[in-house]
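The values are calculated or read from the model by the stated rules, or taken from the named source; none is laboratory data. Note that the structure is predicted; figures quoted are calculated from it, not measured. When we count neighbours, we look across all protein chains shown, and the Cβ atoms used for this are built from the backbone with ideal geometry, even at glycine.
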Amino acid sequence: MTFSDPLFLFIFLPFSLLFYWSLARSWGPVGGYAAITIASLMFYAWEGWFSAGLLIASVLVNLAIGIYLSHPHAHQRKRLRLTVFVLGMLYNFGLLILFKYVNQVWALFQPGAAATLLPYGIPVGISFYTFHQAVFLADAYGHKPETVQVLRAGEGQTPTVKGGLAYAAFILLFPQLIIGPISYLREMAPQLLRRNFGSIRRIDIEIGLMLLAMGLFKKIVIADKLALFSDRVFDVIAAGNTVSRGAAATAMLAYYFQLYFDFSGYSDAALGIGRLFGLRLPQNFDSPLRATGIADFYRRWHMTLTRVITRFLYTPIAVWGTRLALTHNMPRRVEKILSIWLPLLVNFQVIAIWHGATATFMLFGLIHGVWYIAETEIRATKTWKNFRKRTSNLQRQIIGQAITVAPLILTFALFRSSSVDAFGRLVGSLVVGQPTDIVMPGSTLPLLLLSIFVVWLLPNSVELLRRYRPAIMTFDNESITPGIMRLTWRPVLLWGVICCALMVTAVVMIDRKSPYLYGGF
Amino acid sequence: MTQHFSQLLFAMGLWHRMGKANNQNLLRARAPYLLLAGLPFVLGLCAFLLVALVDPYDLRPWGARPTPASFARDANSSASLLNVVAASDVDLLLIGGSTVNPIDPALLKAAFPESGAPFNISYNAPRFRDLDLVFNKVVAMPRLQRVIVGLDSVTFFSPAEQESVTFPFSYYDTPWYNIGKDFEWTAISQSARLALGLPGPRQRTITEIEKTLAAVRRLPDDAQKLNFVKAAVAKFDRIPAAPAAIACEEFTALRQSLLPFAKSLSQRNIKVDILVPPYALVFYPVSQLTFPVWALKYRNNDVLELSIRLRECAVEDLAAVPGVRVHAFDNERQITEVLANYRDPGHMVDAVQIRWMLDAISRGSNTLTRENFSAYAQSLRERVRHIELTENNSP
């Protein structure tokens, strides 16, 4: 079941909300946690019993480890506590590697083999819930007060059943279970521990419906319709052909917008559904296609993954590299390589492999890593500093966007390509195109124009609803929406008409139930 | 002009109000917001329940009992009617892909007047998996007298694990699990029609079908497609390739699906006509470019030789099955050499030629047999290998 599935929209969502409100009304927050847990398990069970069993086991194991790590007695036995923490991490990432990468790596060494090493597909959402739980264990080990507080359900000194239920509701929370956003238990704690958790608040419903309508519109009306052309071209290229220059360029641009609207549409819908349950989830996108450079891009694209990787990978490696260089009195250049370049390259390779163990993803990660390093170095030069002094913010923004957009389109195309060879043929088609029989649907060009308008001129969903704090802010980015276009949403008639129009258009266009692109990761 | 100007001013006013935090009057009213934002969900829920309860495609044990006549013919969604057709009185059924999509029941009726209830259940680009599912449902149809099956390249050359993107998902699931998978506009309107007891739509007459087909843009009128065809023909290898050395077992869909299906029908004395789609001669050079994966799958044989081998296997396999005939029209010059008959190299859309072809099937002519297959194959090879597009854009 996905958010754009009619069964989800018209049956599952309304009835799970009614279930949630009624249980919370009868039993307070405990009823709310229980309702979310049950509804989310039903939502996930749709993906198969094996996946559901794996998820339940994972939640129980992590909960048990988390309870131990945050128990006051555990602090007296530091070595055992560390061992349990490491074992917990190994369990989480072991499962991820086992189910996500073993078959992929096997396929790399056994090309063309029909059988896989493991008889299971990748359990849906495993990349996301693994990160949720790994962050939870790290916070529990670090004894972050908010995390511990949830396990104690806000009272007493020891973990409680109510706390365990709150944890299960947080991990299983279906709006974020399959494709994120990757949230921290400690940032959700104040909401989960609210005394009136589960009560119906009108503003939550108003905001939730608007975000959901925007998310579905992005996914069904824009992304899925752009896919009609981009999929065709990428399939033809994957089959060993070349296409015309126009088709190649249009398909690359179409995929650039398709991926953004697909994933950010999901994130908007997730924020909306979370808000219907009275929960504010972290922001995952902040107009990334308007980024003025690769560093800016990663502060705006899949922001919750960026912050997790930064916290748990980049920072520790950078600190280790700096210490190593300083301890051994290494030259400045080596210190820079160890403390900045190496962590960045590792960072981007991990992000790439997180998407899948394929050559295209790894090359994508390498290009973005090198690009990030080059940008960091350029920004540290005197020439750049002089340039900064001589130019206004707006000038730099326009120049930055103009420089960034083409490499992003190209690397997104690499991300989509079935192989590096196929990407080569696609780029080759841009240079020496061949006649093609691919017919562009009539909707593609108008949708590309609409995408350009939405991406570069309109405020993003969180910015539009900023007055009501629709999301937990992940990064503090400056707004780069043109002043005249900085609309403000309010729950009034006019926005009701717009919300209704977006939703109706999306529902009318539901035909094939296409999955979300990030559902495959 | 004044009207446009006032509309522009109105739009600018709305935009201005949307941007302002302190909206006035009606636009500021909060109550209607929730009503409007929630309306699509209420309507969606009603429509969803309507479709789930009426069950217009007869996917579940409950609901209405529609017949094929309850639906307007829609070439893109006729596969949704599989259950409806399987439980109906249809006695002549056409199964295939987009190559036979234009053949409406009225055309079938004209060519096979003895048929009381003909139907075309073709859908785009069938694959082994979904076609097998169709065969399994069709084989039990109570009043079936004749079945025509298209031998589409895309079906028989594609990997066995593929499935058609146009085949409804609903058929892959159990009746309970597939609730909601058939939710789309046709299902909603059809459910409303069935729930209200309204009569089914009038089926198209031959004149209407001919008019529709006449309006289809033909290959010579489409510069982009024509250029592609010319490039493909120019690239095509004129040197005859060796006949494809492929065992018939390798055509999985033929051996594991079509052959058992034909045998089962034959045992019930149901006539089976296998129709080799009347591709334009230029289809083969074009497919060599657009579907290299076919040739690759079968060890680099070219598409022409691959197609000939598939047909040879079909003839060999089905020769011993009583009541089964294989028809091919590749060597009918008035069909395959005239690009104006086609909307693209694989799809013939000329009503006159379609009717002529159906009459030929009805008469039992243009059949491929073990005896005439070599001559047929040799003639096709010669003509495809020596295509020269003239100024009239015909080979």
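Does A:PHE277 qualify as being surrounded by fewer than 24 Cβ atoms within 10 Å (Cβ to Cβ), of a type in the set (Phe, Trp, Tyr) and over 18 Å from the mean Cα position of the chain (by Cα)? It is false that A:PHE277 is surrounded by fewer than 24 Cβ atoms within 10 Å (Cβ to Cβ), of a type in the set (Phe, Trp, Tyr) and over 18 Å from the mean Cα position of the chain (by Cα). The criterion of at least 2 residues that are closer than 19 Å to B:GLN256 by Cα is met, among strands (runs of 3 or more DSSP E) falling completely within the range B:271-361, by B:271-275, B:324-327. Residues that are within 25 Å of A:PHE12 (Cβ to Cβ) and assigned to a loop (DSSP other than H, G, I, E, B) occur in the range A:124-144; there is at least one. Just one of the listed residues (A:ALA325, A:ALA251, A:ALA295) is buried (at least 24 other Cβ atoms within 10 Å of the Cβ), assigned to a helix (DSSP H, G or I) and hydrophobic (A, V, I, L, M, F, W, C), namely A:ALA251.
Note on the range A:190-211: residues that are within 14 Å of chain B (Cβ to nearest Cβ) and either at positive phi or not in a helix (DSSP H, G or I) (or both) total 2. Of the residues making up the range A:61-74, those that are in contact (Cβ under 8 Å) with a residue 40 or more places away in the chain and assigned to a helix (DSSP H, G or I) are A:ASN62, A:LEU63, A:ILE65, A:GLY66, A:ILE67, A:LEU69, A:SER70, A:PRO72. Can you name the number of the only condition in (1) within 30 Å of A:ALA422 (Cα to Cα); (2) outside any helix (DSSP H, G or I); (3) over 22 Å from the mean Cα position of the chain (by Cα) that A:TRP341 fails? Going through the list (1) within 30 Å of A:ALA422 (Cα to Cα); (2) outside any helix (DSSP H, G or I); (3) over 22 Å from the mean Cα position of the chain (by Cα), A:TRP341 breaks only (2). Say whether the condition of being more than 14 Å from the chain's Cα centre (by Cα) and closer than 30 Å to B:PHE283 by Cβ is met by at least one residue in the range B:76-91. Yes, because at least one residue in the range B:76-91 is more than 14 Å from the chain's Cα centre (by Cα) and closer than 30 Å to B:PHE283 by Cβ. Among the residues making up the range B:157-183, those that are touching a helix residue (DSSP H, G or I) at 6+ places or on another chain (Cβ under 9 Å), part of a helix (DSSP H, G or I) and among the aromatic types (Phe, Trp, Tyr) are B:PHE157, B:TYR171, B:TYR172.
Residues in the range B:184-232 that are assigned to a loop (DSSP other than H, G, I, E, B), modelled with pLDDT under 90 and either loosely packed, with under 13 Cβ neighbours inside 10 Å or over 20 Å from the mean Cα position of the chain (by Cα) (or both): B:GLY197, B:LEU198, B:PRO199, B:GLY200, B:PRO201, B:ARG202, B:ASP222.
Please find, among B:ARG333, B:ARG363, B:ARG355, the residue that is in contact (Cβ under 8 Å) with a residue 24 or more places away in the chain and surrounded by fewer than 19 Cβ atoms within 10 Å (Cβ to Cβ).
B:ARG355
Per the listing A:GLY442, A:GLY428, A:GLY433, A:GLY424, the residue uniquely within 30 Å of A:LEU228 (Cβ to Cβ), touching a Lys or Arg at 6+ places or on another chain (Cβ under 6 Å) and either surrounded by fewer than 20 Cβ atoms within 10 Å (Cβ to Cβ) or within 14 Å of chain B (Cβ to nearest Cβ) (or both) is A:GLY433.
Under the condition of being in contact with a helix residue (DSSP H, G or I) (Cβ under 6 Å, 6 or more places away or on another chain), within 10 Å of chain B (Cβ to nearest Cβ) and over 15 Å from A:ARG290 (Cβ atoms), the residues counted in the range A:472-493 number 6.
From the list B:ASP104, B:ASP132, B:ASP91, pick out the single residue that is acidic (Asp, Glu) and under 20 Å from B:PHE169 (Cβ atoms).
When all the criteria are applied, what remains is B:ASP132.
Considering only residues in the range B:233-248 that are within 14 Å of chain A (Cβ to nearest Cβ) and at pLDDT 85 or above, the one that is nearest to the chain's Cα centre (by Cα) turns out to be B:VAL233.
Looking at this structure, is B:ALA47 aliphatic (A, V, I, L, M), surrounded by 20 or more Cβ atoms within 10 Å (Cβ to Cβ), under 26 Å from B:VAL154 (Cβ atoms) and modelled with pLDDT of 85 or more? Considered against the rule, which asks whether it is aliphatic (A, V, I, L, M), surrounded by 20 or more Cβ atoms within 10 Å (Cβ to Cβ), under 26 Å from B:VAL154 (Cβ atoms) and modelled with pLDDT of 85 or more, B:ALA47 comes out as no. Could you tell me which residue of the range A:3-60 is farthest from the other protein chains (Cβ to nearest Cβ), considering only residues that are crowded, with 20+ Cβ neighbours inside 10 Å and outside any helix (DSSP H, G or I)? If we take residues in the range A:3-60 being crowded, with 20+ Cβ neighbours inside 10 Å and outside any helix (DSSP H, G or I), then A:PHE3 is farthest from the other protein chains (Cβ to nearest Cβ). The requirement of being at the interface with chain B (Cβ under 7 Å from one of its Cβ atoms) and in contact (Cβ under 8 Å) with a residue 12 or more places away in the chain is not satisfied by A:MET509.
Can you tell me which residue in the range A:371-393 is nearest to the chain's Cα centre (by Cα), limited to those that are at pLDDT 90 or above and farther than 27 Å from A:LEU345 by Cβ? The residue in question is A:SER392. Count of the range B:156-206 residues, restricted to those that are within 11 Å of another protein chain (Cβ to nearest Cβ) and either of a type in the set (Val, Ile, Thr) or under 18 Å from B:VAL85 (Cα atoms) (or both), is 11.
All of B:ASP89, B:ASP74, B:ASP58 fail the test of being of a type in the set (Asp, Glu), in a loop (DSSP other than H, G, I, E, B) and surrounded by 19 or more Cβ atoms within 10 Å (Cβ to Cβ), apart from B:ASP58.
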